[in-house]
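One structure below.
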Amino acid sequence: MSVEAKSETQTGAKPKTGADLLVQSLIDEGVDTIFGYPGGAVLPIYDALYKARESFDHILARHEQGSVHAAEGYARVSGKPGVVIATSGPGATNLVTGIADAMMDSLPLVVFTGQVARSVIGTDAFQEADVMGITTPITKHNYQVQSLSDIPRIVKEAFHIASTGRKGPVVVDIPKDISATIHDENYDTDFHLPGYQPTTKPNPLQIKKLADALVRSKKPVLLAGAGVLHGEASSQLKAFAVKHSLPVTTTLLGLGSFPGDHELSLGMAGMHGTYAANKALYECDLLINIGARFDDRLTGNLNHFAKYATVAHIDIDPAEIGKNVETKIPIVSDSKAALSELLSVANESPKHYEWMDKLNAYQAECPLWYEDSQEKISPQWLIQKIHEATDGDAIVTTDVGQHQMWAAQYYKFTNADKWVTSGGLGTMGFGFPAAIGAQLAKPDETVVAIVGDGGFQMTLQELSLLQEKGLPVKVIIVNNEALGMVRQWQEKFYDERYSESLLTVQPDFVKLAESYQIRGLRVESPEELEHIIPDIFNYNGPVVVDCRVLKLENVYPMIAPGKGLHEMIGVKP
Amino acid sequence: MRRVITATVQNRSGVLNRVTGLLHKRQFNIESISVGRTETDSISKMTFVVEVPDHQKLEQLVKQLNKQIDVLKVSDITDKAIVARELALIKVVSNSQLRNEIQGIIEPFRASIIDVSRDSLTVQVTGKTDKVEALIDLLRPYGIKELARTGLTAFLRGHQPQVTDLPSYSILK
Ligand SMILES: Cc1cc2nc3c(=O)[nH]c(=O)nc-3n(C[C@H](O)[C@H](O)[C@H](O)COP(=O)(O)OP(=O)(O)OC[C@H]3O[C@@H](n4cnc5c(N)ncnc54)[C@H](O)[C@@H]3O)c2cc1C
Ligand SMILES: Cc1ncc(C[n+]2csc(CCOP(=O)(O)OP(=O)(O)O)c2C)c(N)n1
C-alpha cells in the first residue's frame, strides 16, 4: 500500500459506494496485489479500484483461470491470501477449477465475484450463475453479501477464515446493486465466529504419548507434509529429526519442508517416490505424520500401508486424523506448536543404528535412476541441469504430468516455500500462471516454470503478463510431443494403445514467445543445453525454452494402481 | 448403524444446503432430516437419522459437520437418554362403515383423525419411529392413499443417567 493512498483515504471523503467500501476494506487488510478480470457485474468495483489505483498492483490475466492460479502461486510462496476478482456468470465459473485446486491443497484465497442485482437473483438474469451453489462444496466458506453495511465485516471474516487454521479459499459474492449503492449506513467490522475455533495447541497428554512411543521405537520414520510448510515449522522439524536421528520422508507437497540433501532425508514417498522412502513407510514400527493427509497417491493400497506401525498424526484439521489410516496417537495442532512442544518434552531417543543402516542400504542399492542418453536430452538430466544452474534455490512451479514427477524427484529442494505444484486436484494449466503469481510475490528470486507441452497449451495466453509486467520467469517446456503421463499409462496398462495422447501438431513455441516480445529458444541436444543453460538463467528477463526431450521416457520407480508401497516397479536393477 | 445426530447451526441462508451437500458429497446416507428454529433467535437445530457402516465413518461424519463454519455443535445422541418424536400424516381409504374400525386401531397409538371425506380419512400420529411405523403397517391393508412424515426430531432428556461411557468423537476437548 502506498503512503499517499493511505493518507488520501484518511483525510479524504468517506467511501461513497459499496464498491468503495469494499476497496477500503481491502486496503485495511493490507492487500497490495489483486488478480482480476472486469465485467458488467463488477463495473462498480473496477471503478472504485480505478480511483484507488495507487494502492494496488492489479494483474489482468488473460483468462480468469490464469488469475486464480496466479493467486494460488502468490499465496503458496508468500503465505498471504491471494485476492481474486471476477465478474458474474462466466467470469465466476472460469474460476471454479482454481478454487477447487486451492481447496484441495489448502491454499488461502479470497475470491470476490460479481453477482446480478438482488432484485433479479433467481430469474436467470443475464450472466447469472448460482455461485453460492457452485462453490459451496469447493470452498472453506462462502458468502453472498445481502446488505451494504455487511461488507467490511464479511471481508474481515473472509480473510480470517482463509488464512487461519487449515487455510483455504473463501468466496464473497457481491450483487451489483450493492456495490453500486451510495453508502450512508453505519457499519461494524467486529466479527464473532462461534462455529470456527481452530485448535492450534497440542494436547500435552498426546504429546507425552508420542514422546514415549519414540523412546520405545526401533524403526521410526517421520513423514512431513504440506502442513509443515503451512505452519512454517521447517526449522523445528529439522531440529526434531536431528535430535532423535529420525529418517524423514516427505509427500509431494511437503517437498522443501526438510532439506533434500540432508543425511536423514529419504526423499519423497508415494507412487513415484523413492524406494527407500516407501520401504521405510512399509517396514517402520512408528510413523509420525506431520501435516500430511495420507492421500492415496502417497499410501498406495491402504491394506499394506504402515501395517507394522503405530501411527501418530499431527494435523490442524481433526477430520484428517483417522480418515484414511487408523491412528493411535492423534494430535490436533498446528505443526509448529506441536513440534516445539515435542522438542521441549522428549528426551533424546536411543540411536537406531540397525534401522538406519538398512535404510542407507536401500538408498545406496536402489537410488533414483535413468539411462543416460547421448543424442537426446533425458528429462531427468534436464531437471538436474536446472538444479545446478539455479544452485538448487529457485522457486520451481510445475504443471501436471511426467515433468512434474521428474521435477519432484530430481530438483532436490533444500528450502521451504520454493516448490509450487498442484497436488490434490492435479490441474493441468496450473504451472505457468502459478509462476507468474510466485514471481510477483518474490520479485527478486529466480522463478522457473517447468511445464509439459500439453499443460502449457492450456494457459499459455498468460505470456502477455510476462511481457506486460516484465516478469523474468523462465519457462521450460519439457517437450515430449505427448500427454506424457497419459501415454505412459497407456503404454504400461493399455498395451500401448495411445488413444489421443500424442501431440504431433504443436505451435512453434519459439515464434510464439517472440510474438509476445519474449525471448524464445529451442534446444534439442545435451550439448546445446549445456551451452545455453547459463545464458537462460543469467538473462535478465523472461525466456521460453522449448526443450525437446526423449519422447518415450517413463517416470520410475512407480507403484501400480492397487499395489502397496512395498511393490514398486521400475526400481534400479 | 442407524444413528441420530443433532446439529445446532447458525440460522443463515444456505446452511441447510451446506450440510446436506456435505453429507451427499461424502456419501452419507440420510434417512431423515428435520430442521427448525430453537429458543435462540439466530440458531436452528437439525436432527438427522443416518445409516453409517462403521464407527470410523461415523467419526468422519461428525468431524466434517463440525468443520462447517455455520455449524456450532454436533452430537451423536443415539446412545443417550433422549426424547425423540416424529409426526406422520396418513390418508387412508375409508367409508362410513370402516371409520369406527379404524378409530379402534389408532386409539392405542393416541393418534387422531384430523380430516374426513366421503372415501378417505387422515390420521395424525406422533411418536418414536417404530411406533409410527407400526401404525402405518396396521393401516396399510385399508389402502394408504398418501403418506407424509416429518422425520425425527430429538433432544436430550433433562436428566441423564450417570454411567456414560460413550465414545467421544472430539479429540480437541
Ligand atoms: C501426477 C501426480 C502424482 C502424484 N504422486 C504423488 C506421490 O508419488 N507422492 C505423494 O506424496 N503425492 C503425490 N501426488 C500428490 C497427492 O495427490 C497429494 O496432493 C499429496 O500427497 C498431498 O500432500 P500433503 O498431504 O502433504 O498436502 P495437503 O494435501 O496439502 O495436506 C496438508 C495437510 O496438512 C494439514 N495442515 C495444514 N496446515 C497445517 C498446520 N499449520 N499444521 C499442521 N497441519 C496442517 C492439513 O489439514 C492437511 O491434512 C501426486 C499428484 C499428481 C498430480
Ligand atoms: C485439466 C486436466 N485435464 C486432464 C488431466 C489428465 N492428465 C494428467 S497428466 C496429463 C498429461 C500431461 O501432459 P503434458 O502437459 O504434456 O506433460 P507430460 O506428462 O508430458 O510431462 C493429463 C492429460 C489433468 N490432470 N488435468
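The values are calculated or read from the model by the stated rules, or taken from the named source; none is laboratory data. In this text, all values refer to a predicted model and were calculated from it rather than measured experimentally. Don't worry about glycine lacking a Cβ; one is built from the backbone with ideal geometry, like all the others, and counts go over all protein chains shown. Remember, those area values only see protein heavy atoms, side chains included, never the ligands or the DNA or RNA. Shrake-Rupley method; radii C 1.70, N 1.55, O 1.52, S 1.80 Å.
Results, tabulated for the structure shown:
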read-out: Pairs where the first residue, in the stretch B:1-14, is modelled with pLDDT under 95 and the second is assigned to a loop (DSSP other than H, G, I, E, B) and among the acidic types (D, E), C-beta under 6 Å, 6+ apart; value: B:R12/B:D70
read-out: Condition met for A:A41 (of a type outside the set (S, T, Y) and either within 27 Å of the chain's Cα centre (by Cα) or not in a helix (DSSP H, G or I) (or both)); value: no
read-out: Of the criteria (1) within 30 Å of A:D391 (Cα to Cα); (2) open to solvent by 20 Å² or more (accessible area, probe 1.4 Å), which one A:S257 fails; value: (2)
read-out: Residues (open to solvent by less than 60 Å² (accessible area, probe 1.4 Å), outside any helix (DSSP H, G or I) and more than 19 Å from A:E388 (Cα to Cα)) located in the stretch A:509-541; value: A:Y516, A:I518, A:G520, A:L521, A:G541
read-out: Candidates A:V447, A:V473, A:V451 - the one that is within 16 Å of ligand 1 (Cβ to nearest atom) and either farther than 21 Å from A:Q517 by Cβ or within 19 Å of the chain's Cα centre (by Cα) (or both); value: A:V451
read-out: Inter-residue pairs, beta-carbon under 9 Å, first away from ligand 1 (no atom under 16 Å from the Cβ) and in the stretch A:334-353, second acidic (D, E), 6+ apart; value: A:A346/A:D212
read-out: Of all residues in the stretch A:298-327 being out of contact with any helix residue (DSSP H, G or I) (no Cβ under 8 Å at 6 or more places or on another chain) and closer than 21 Å to A:K201 by Cβ, the one that is nearest to the other protein chains (Cβ to nearest Cβ); value: A:I321
read-out: Selection status of A:Q402, at pLDDT 95 or above, open to solvent by less than 10 Å² (accessible area, probe 1.4 Å), polar (S, T, N, Q) and within 16 Å of ligand 1 (Cβ to nearest atom); value: yes
read-out: A:Q506 being within 11 Å of ligand 2 (Cβ to nearest atom), over 23 Å from A:G273 (Cα atoms), open to solvent by 30 Å² or more (accessible area, probe 1.4 Å) and assigned to a helix (DSSP H, G or I); value: no
read-out: Those helices (runs of 4 or more DSSP H) lying entirely in the stretch A:380-478 with at least 2 residues closer than 18 Å to A:A61 by Cα; value: A:431-441, A:453-459, A:463-469
read-out: Output for the stretch A:459-470, where each listed residue is in contact with a helix residue (DSSP H, G or I) (Cβ under 8 Å, 6 or more places away or on another chain) and either away from ligand 2 (no atom under 16 Å from the Cβ) or farther than 16 Å from A:Q517 by Cβ (or both); value: A:T459, A:L463, A:L465, A:L466, A:K469
read-out: Scan of the stretch A:218-239 for residues that are among the small types (G, A, S), in contact with a helix residue (DSSP H, G or I) (Cβ under 9 Å, 6 or more places away or on another chain) and within 8 Å of ligand 1 (Cβ to nearest atom), ordered by number; value: A:A224, A:G225, A:G227, A:G231, A:A233
read-out: Whichever residue in the stretch B:134-158 is under 17 Å from B:A7 (Cβ atoms) and among the aliphatic types (A, V, I, L, M) and, among such residues, is farthest from the chain's Cα centre (by Cα); value: B:L156
read-out: Restricting the stretch A:275-304 to residues that are open to solvent by 40 Å² or more (accessible area, probe 1.4 Å) and touching a strand residue (DSSP E or B) at 6+ places or on another chain (Cβ under 8 Å), the residue that is nearest to A:S235 (Cα to Cα); value: A:R293
read-out: Filter pass, B:S44 being within 14 Å of chain A (Cβ to nearest Cβ) and surrounded by 14 or more Cβ atoms within 10 Å (Cβ to Cβ); value: yes
read-out: Count of the stretch A:186-213 residues which are surrounded by 12 or more Cβ atoms within 10 Å (Cβ to Cβ) and away from chain B (no Cβ under 14 Å); value: 6
read-out: Answer from A:A364, A:A394 - the residue that is of a type in the set (A, V, I, L, M, F, W, C), at pLDDT 95 or above and open to solvent by 50 Å² or more (accessible area, probe 1.4 Å); value: A:A364
read-out: Given (1) more than 29 Å from the chain's Cα centre (by Cα); (2) more than 10 Å from every other protein chain (Cβ to nearest Cβ); (3) part of a loop (DSSP other than H, G, I, E, B), index of the condition A:S149 fails; value: (3)
read-out: Selection from the stretch A:155-181 of residues that are more than 12 Å from every other protein chain (Cβ to nearest Cβ) and either part of a helix (DSSP H, G or I) or on the phi > 0 side of the Ramachandran plot (or both); value: A:V155, A:K156, A:F159, A:S163, A:K176, A:D177, A:I178, A:S179, A:A180
read-out: Flag for A:A416 being within 16 Å of ligand 1 (Cβ to nearest atom), of a type outside the set (D, E) and open to solvent by 10 Å² or more (accessible area, probe 1.4 Å); value: yes
read-out: Selection from the stretch A:126-146 of residues that are part of a loop (DSSP other than H, G, I, E, B) and within 24 Å of the chain's Cα centre (by Cα); value: A:T139, A:K140
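Table: residues versus (1) within 14 Å of chain B (Cβ to nearest Cβ); (2) closer than 25 Å to A:L222 by Cα; (3) away from ligand 2 (no atom under 16 Å from the Cβ); (4) of a type outside the set (D, E).
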| site | (1), (2), (3), (4) |
| --- | --- |
| A:I331 | yes, yes, yes, yes |
| A:E341 | no, yes, yes, no |
| A:M356 | no, yes, yes, yes |
| A:Y370 | no, no, no, yes |
| A:Q380 | no, no, no, yes |
| A:A394 | no, no, yes, yes |
| A:F413 | no, yes, yes, yes |
| A:D417 | no, yes, yes, no |
| A:A434 | no, no, no, yes |
